[in-house]
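A short worksheet on the structure shown next.
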Amino acid sequence: MGNIVELVSKSDLIALSISETSSKVKQVSSIQIHDFIEIITSLLQHCHKFVSSIKSNTHYQYHPIFKWYSGKHDSNIPNSHFNLVITQLEYLWQRLFILKAFDHVLNFKPTVKDQSNLLKLSPRKNSFSDKKISLTSGKVTIYAIETQAVCRLYVLLLKLLTDQKHDIIMNLTYIPSLVPNLWKFLMCLGPKGNMEIFLNGSVVKAPEKEPLISILELFCECCSILLLTTDDDELYDMQNPFSIETDVIPMAVFFNRFCFALLSHSSPEGYPPTIFESARRVLLQLHSRDTRRSFSEESIWLLIKDPKKSLPKSLKDLFKKSLSSNNNDKELMGMSFLDRIRDNDPISIKILNLLPHTIPFETRLEIFRDYLKNGVPIILNSEIMIRVRRDHVLDDGYKHLGGLNPVKTKGRIRVKFVNETGAEEDGVDQGGPFKEFITQLIAEAFDPSCGLFAVTPNSSMLYPNHQNTSTKITLYSFLGKMIARAIQEGILVDVQFAGFFLSKMAGRAVFLEDLIGLDDDLLKNLLFLKRYDGNVEDLGLYFAVDEESNGKVVSKDLRIGGSHLSVTNDNRIQYIYLMADYKLNKQAKEQTRAFINGFQSMIPENWLRMFSPPELQRVLSGEDVNWDVSDLRKYTLYQNGYFDQHRSIRHFWSILEEMNSNDKSAFLKFVTSCSKPPLGGFKYLQPQFTIRMISSDHASPVENVNSSRSRLSMGQVKSLFSSLGNLKSASKERLPMSSTW
């Protein structure tokens, strides 16, 4: 195969000038390249029968090119021969060959009549087939046959040549206009157009049997890379490489329906088809874009709009495959989506885990809380008592709990605080000491002065500090567990994570635009490079990055041999991609991985994937809203003689009602350690807000406020809560939290 490729590359059969004007010569060349692609594809398909991505009982031989192999393999062949074969095959993903192979796609333009019928989906509509196109001409049919053959070749190359996959996909993606033209071509396929050929029941049930699926699969692979390096100015303002109205919104609607249909028709016990993961990757990137900067209304994403009601008829057929062939089918078909989840219906659970945005956030939050409640292990006669010094909360917490496995970390933990004099403090037996412990531990660990986490320059959002090399990596894992434990306890934490770090916690991809706030100068320079009109080589850039480490400047390659590879006009997009990837994914890789591993050891990743990054921050820190005092009052617990209509209590609520939003946030920070109310209201506040009557000799400042409104003016009360609620260090003034033992 390598010799055939080399022979063709050195001949004039394909390497004709792209600017050749002779139609006869073009026709001959097209026939020759089509036959050549068919030959190479056949050889690759033959190889594919013997190749596996993982080692198994049948694929146990290691092959220098294909990895795990089940065919005959001569171990006496030197590796240099295999390297030569790869060098020969590289011609297939060189720019000249790609341009020739996709010549008909790159020059494809629907006729004026066809363009007038292209889908124009209003953001206020959610129907994907309001307008239809009908392109049944012989030209489109011929183009479809040729395009699927070329795409099948590259799909096979991506599957077989894992070491070369990055170069292949990069070279394809950044051929100008190739990806957007592929989308326009896909929109013209089939008798109705508008991608309906791929939404046909027979296709979603067995997509691998659809000959044209290779076009969609290659588009997904390339589009997911292209979206990563497309900045907001290009997409929203310049409408490049896609138009929001005629490309992006129809794309979002199609992939939403397509992925939903694939899951709904998949085997309850098995995995979705191969195309699903690449299609879902594009879908989630589009959804993340829309979450960060909206290009549509929420209605285009929600497919299960009321999960507490019986499924609409349009969706019931999609769930038939998940039902067993027994007498309960009719009863199951009448169940709501939420009931299906609670009944452990496998297809519904797959949709929840893999396409959560199709379900309302409130429903997902309810399911998440059910999971947390049912996921806490019941260990009889087992609890851990730890002694924690007030001025060493992080150190003592890590010492006592850092080595615990996730099951024990989820169990009951009692905390005994030791004050500055070495004496144990008394705590009211309702659990407050543990909440106080975990709240102060998180406040100390995530304080930028501690050095474990850095902050973005302008917004002060937190992310792991890659320059902290002296701290044990296991400490990051421990902190991930503590954040997860806070979520399990319903304890809101006043920690705001950077967007890209939240994306990682939620199992999402990050974009070039995620550099906003993290490194604005780098983003500005990368965008300048992306749009530079001159010769990029004049800028003197290489595929390497210099950074300071332990007082020394160290150069790190962004790719193998990067420090010797110049950035040019042709490869600058790859440089931008790799630079952003290094900054967002690799620079603090070890610290990030440890934190997320600890976090996910307590809360499974598929539970976290229910939420988008902004939604996950809401789960961690609550709602940023002007909360309702009456809701807090409704769920308040009174003890030792107080009750709702007690004179002091009525004064207390009257004062709170008169506070503005900022003062109420300061009050909430003072009594719960977080300035935001819990999601869904104070019904979910843990521990329950409690007002306890105690003797005036031992009353705290807040309790003195409750006892008589006449003792302090309204201004003094506001000042009290504002000053205490905004303290940055718990060591300066310990908050008088109620207990949660």
(message) Out of everything in region 526-561 that is open to solvent by less than 80 Å² (accessible area, probe 1.4 Å) and of a type in the set (Ser, Thr, Tyr), what residue ends up being nearest to Asp232 (Cα to Cα)?
(response) Tyr532
(request) Can you give me the number of residues within region 677-691 that are under 16 Å from Thr363 (Cα atoms) and either crowded, with 20+ Cβ neighbours inside 10 Å or among the hydrophobic types (A, V, I, L, M, F, W, C) (or both)? (result) 2
(message) For Pro356, only one of the following conditions fails: (1) exposed (fewer than 13 other Cβ atoms within 10 Å of the Cβ); (2) modelled with pLDDT of 90 or more; (3) not polar (S, T, N, Q). What is its number?
(response) (1)
(message) Can you tell me which condition Val619 does not meet? The list is (1) at pLDDT below 95; (2) surrounded by fewer than 17 Cβ atoms within 10 Å (Cβ to Cβ), and all the others hold.
(response) (2)
(request) For region 417-428, indicate whether the set of residues that are closer than 27 Å to Phe611 by Cβ and surrounded by fewer than 17 Cβ atoms within 10 Å (Cβ to Cβ) is non-empty. (result) no
(request) Find the residue count for region 518-558, including only residues that are touching an Asp or Glu at 6+ places or on another chain (Cβ under 8 Å), at pLDDT below 95 and of a type in the set (Gly, Ala, Ser). (result) 1
(request) Residue by residue through region 191-208, note down the ones that are surrounded by fewer than 17 Cβ atoms within 10 Å (Cβ to Cβ) and assigned to a loop (DSSP other than H, G, I, E, B). (result) Pro191, Lys192, Asn200, Ala206
(request) Output the number of residues of region 456-493 satisfying the condition of being among the β-branched types (Val, Ile, Thr) and surrounded by fewer than 18 Cβ atoms within 10 Å (Cβ to Cβ). (result) 4
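Being part of a loop (DSSP other than H, G, I, E, B) and under 12 Å from the mean Cα position of the chain (by Cα) is the filter here; which residues of region 490-515 pass it?
Ala506, Gly507, Arg508, Ala509, Val510, Phe511, listed by residue number.
Among the residues of region 295-312, which ones are in a loop (DSSP other than H, G, I, E, B) and modelled with pLDDT of 85 or more?
The answer is Phe295, Ser296, Trp301, Leu302, Leu303, Ile304.
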(request) Select the helices (runs of 4 or more DSSP H) contained entirely in region 108-188, then report the ones holding at least 1 residues which are modelled with pLDDT of 90 or more and farther than 29 Å from Arg572 by Cβ. (result) 138-160
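Determine whether Asp521 is closer than 19 Å to Gln467 by Cβ, open to solvent by 60 Å² or more (accessible area, probe 1.4 Å) and under 26 Å from the mean Cα position of the chain (by Cα).
Against the criterion (closer than 19 Å to Gln467 by Cβ, open to solvent by 60 Å² or more (accessible area, probe 1.4 Å) and under 26 Å from the mean Cα position of the chain (by Cα)), Asp521 qualifies.
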(message) Quick check on Arg280: is it open to solvent by 10 Å² or more (accessible area, probe 1.4 Å) and in contact with a Phe, Trp or Tyr (Cβ under 7 Å, 6 or more places away or on another chain)?
(response) no
(request) Run down Ile603, Ile573 and say which single residue is within 17 Å of Ala506 (Cα to Cα) and touching a residue at least 24 places away in the same chain (Cβ under 8 Å). (result) Ile603
(request) Considering only region 618-665, state which residues are touching a residue at least 24 places away in the same chain (Cβ under 8 Å) and of a type in the set (Gly, Ala, Ser). (result) Ser621, Gly622, Gly641, Ser648, Ser654, Ser661, Ser665
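The values are calculated or read from the model by the stated rules, or taken from the named source; none is laboratory data. Worth saying up front: this structure is predicted, and the values here are computed from it rather than measured. Here Cβ is always computed from backbone atoms with ideal geometry, including for glycine, and neighbour counts include all displayed protein chains. Accessible surface is based on the protein model in full, side chains and every heavy atom, while ligands, DNA and RNA are left aside. Shrake-Rupley method; radii C 1.70, N 1.55, O 1.52, S 1.80 Å.
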